[in-house]
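The values are calculated or read from the model by the stated rules, or taken from the named source; none is laboratory data. All of these numbers come straight from a predicted model, not from anything done at the bench. Cβ placement follows ideal geometry from the backbone for every residue including glycine, while neighbour counts extend to all protein chains displayed. For the accessible areas, the whole protein counts, side chains as well, though only heavy atoms, and no ligand, DNA or RNA atoms are used. Shrake-Rupley method; radii C 1.70, N 1.55, O 1.52, S 1.80 Å.
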Amino acid sequence: MKKKGLIVVIAVLAVLLPVLIGVMLAKNKNTADDINKNTAENTQTKLLYTLSNGCEIIGFKGISGTFPEDGKDSQTENTAAIIIKNNTDKHFQLIDLVIETDREKLEFRLTTLFAGSLMTVFEKNGRKFSGDMKIKAARLEKSIEFPSSPTVYPDIFEITAHDGVLNIKNISGSDIGSDIFVYYKSIDENSDWYGGITYRTVAGGGLKNGELRQLPASHFKKESSKVVFVTYAN
């Protein structure tokens, strides 16, 4: 009888086990589908609005992590952000814009948007993104082009970088007596600009011919930052 009972138990398990496994797999699949659905709902990734200066808003989403726009690198959660693409042949020094959504107005400031480039920009006041938030309109408050094409003057300066430090050397053959400003920005994993902010450091008083100086650059990370242009009175 014991042997017969054992055979019955094994037979029942053989029938029920595939059913139980199927239920568990179905449950896991639904959880993954829900996660994917939520992620998709929190990001719009298509042409959403064309600005009057020719730039396009191609993304609208919430981002958690470091908030770069105030220079303090505080941590934030689900902050509203846009992805903007410069489809023009112009280099923009500053763009201020207001976006009207179906919920509230959002303000964005971005600097150093070169022709053909993309930039992720956070709402400057840290306002949050809602998964069903939609862009209704966008209005430029300011749109200022660079007066001349920005450059790092490769024939005049040699610039090397490390985390937190930029080294600049005068290779021009002449002394430079004016302040030299070096501007840099953060980039993402696709080498697109990350954050509307542009950081700046300065070699005060200029550089003698052949002089090398270390400049503090607290936001510069060798793997995720790039020097974008240099200015000085020449």
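Quick look at the values:
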read-out: Pair list, Cβ under 7 Å, 6 or more apart: region 51-69 residue more than 19 Å from Asp96 (Cβ to Cβ) and open to solvent by less than 40 Å² (accessible area, probe 1.4 Å), other residue in a loop (DSSP other than H, G, I, E, B) and of a type in the set (Phe, Trp, Tyr); value: Gly62/Phe129
read-out: Residue that is most open to solvent (accessible area, probe 1.4 Å), among those in region 142-158 that are small (Gly, Ala, Ser) and farther than 14 Å from Asn234 by Cβ; value: Ser149
read-out: Residue within region 38-49 that is within 19 Å of Gly131 (Cα to Cα), aliphatic (A, V, I, L, M), at pLDDT below 50 and surrounded by 10 or more Cβ atoms within 10 Å (Cβ to Cβ) present; value: yes
read-out: Only listed residue being of a type outside the set (D, E, K, R) and crowded, with 19+ Cβ neighbours inside 10 Å, chosen from Gly210, Gly204, Gly177, Gly195; value: Gly195
read-out: Residue check, Tyr232 touching a Phe, Trp or Tyr at 6+ places or on another chain (Cβ under 6 Å), in contact (Cβ under 8 Å) with a residue 24 or more places away in the chain, within 30 Å of Leu97 (Cα to Cα) and open to solvent by less than 80 Å² (accessible area, probe 1.4 Å); value: no
read-out: Every residue from region 70-104 that is in a strand (DSSP E or B), polar (S, T, N, Q) and either open to solvent by 30 Å² or more (accessible area, probe 1.4 Å) or under 16 Å from Thr120 (Cα atoms) (or both); value: Ser74, Gln75, Thr76, Asn78, Thr79, Gln93
read-out: Qualifying positions in region 105-124 - out of contact with any Leu (no Cβ under 8 Å at 6 or more places or on another chain) and either on the phi < 0 side of the Ramachandran plot or open to solvent by 30 Å² or more (accessible area, probe 1.4 Å) (or both); value: Lys105, Leu106, Leu113, Phe114, Ala115, Gly116, Ser117, Leu118, Thr120, Phe122, Lys124
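Listed here are the residues, each with its yes/no results for (1) in contact with a strand residue (DSSP E or B) (Cβ under 8 Å, 6 or more places away or on another chain); (2) closer than 16 Å to Leu51 by Cα.
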residue: Ile82; (1), (2): yes, yes
residue: Ile95; (1), (2): yes, yes
residue: Glu104; (1), (2): no, no
residue: Ala137; (1), (2): yes, yes
residue: Ile159; (1), (2): yes, no
residue: Ile168; (1), (2): yes, no
residue: Ile171; (1), (2): yes, no
residue: Asp188; (1), (2): yes, no
